[in-house]
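The values are calculated or read from the model by the stated rules, or taken from the named source; none is laboratory data. All of these numbers come straight from a predicted model, not from anything done at the bench. Positions of Cβ are generated from backbone atoms using ideal geometry, with glycine treated the same way; all protein chains shown enter the neighbour counts.
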Amino acid sequence: MSQEAITRSSRASCGFSKLVWSICLEIREDHRLVTSGVYRLIRHPMYTAIFLQAFAQVFLLSNWLAGPSCLLAFLPMFALRVGREEQMMHKTFGEAYAVYMNRTNRLIPHLW
């Protein structure tokens with residue numbers, strides 16, 4: 001699945017086409033736990049899409065400084081954000097999120 005396909009699938013699974021990722025971690029008023037579509041395989045498809053784009057950029061850009069820059073920016077953002085995001089989701093959705101975590105992977109289906 002391409003980066004664009006993962007992004008579109010994650011948006012469609014949420015039932016709306018607007019951007020579902022925000023700069024700050026928050027639970028919105030109409031927030032619900034989505035476990036269908038691409039979310040049935042991975043919990044963070046937007047991070048997967050960003051990672052794929054950043055990883056591809058390393059090989060597609062001929063500038064050895066610009067190529068890895070997106071990947072180098074993504075890794076600390078992911079490391080600092082995903083744990084806090086999962087804690088927030090578990091606090092909000094309780095046991096349903098714990099069950100969901102046990103049946104899915106974070107970024108890569110059937111691996112991690």
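For the stretch 22-74, which residues satisfy the criterion of being among the hydrophobic types (A, V, I, L, M, F, W, C) and touching a residue at least 60 places away in the same chain (Cβ under 8 Å)?
Listed by number, the residues that qualify are L25, I27, L33, L41, I42.
Which of (1) within 24 Å of H110 (Cβ to Cβ); (2) outside any helix (DSSP H, G or I); (3) β-branched (V, I, T); (4) at pLDDT below 90 does I50 not meet, given it meets every other one?
Single failed check for I50: (2).
Confirm whether T104 is in contact with a Phe, Trp or Tyr (Cβ under 8 Å, 6 or more places away or on another chain), of a type in the set (S, T, Y) and in contact (Cβ under 8 Å) with a residue 12 or more places away in the chain.
So T104 passes the test.
Among the residues of the stretch 1-47, write down those that are of a type in the set (S, T, N, Q) and either surrounded by 15 or more Cβ atoms within 10 Å (Cβ to Cβ) or modelled with pLDDT of 55 or more (or both).
Those that are of a type in the set (S, T, N, Q) and either surrounded by 15 or more Cβ atoms within 10 Å (Cβ to Cβ) or modelled with pLDDT of 55 or more (or both): S2, Q3, T7, S9, S10, S13, S22, T35, S36.
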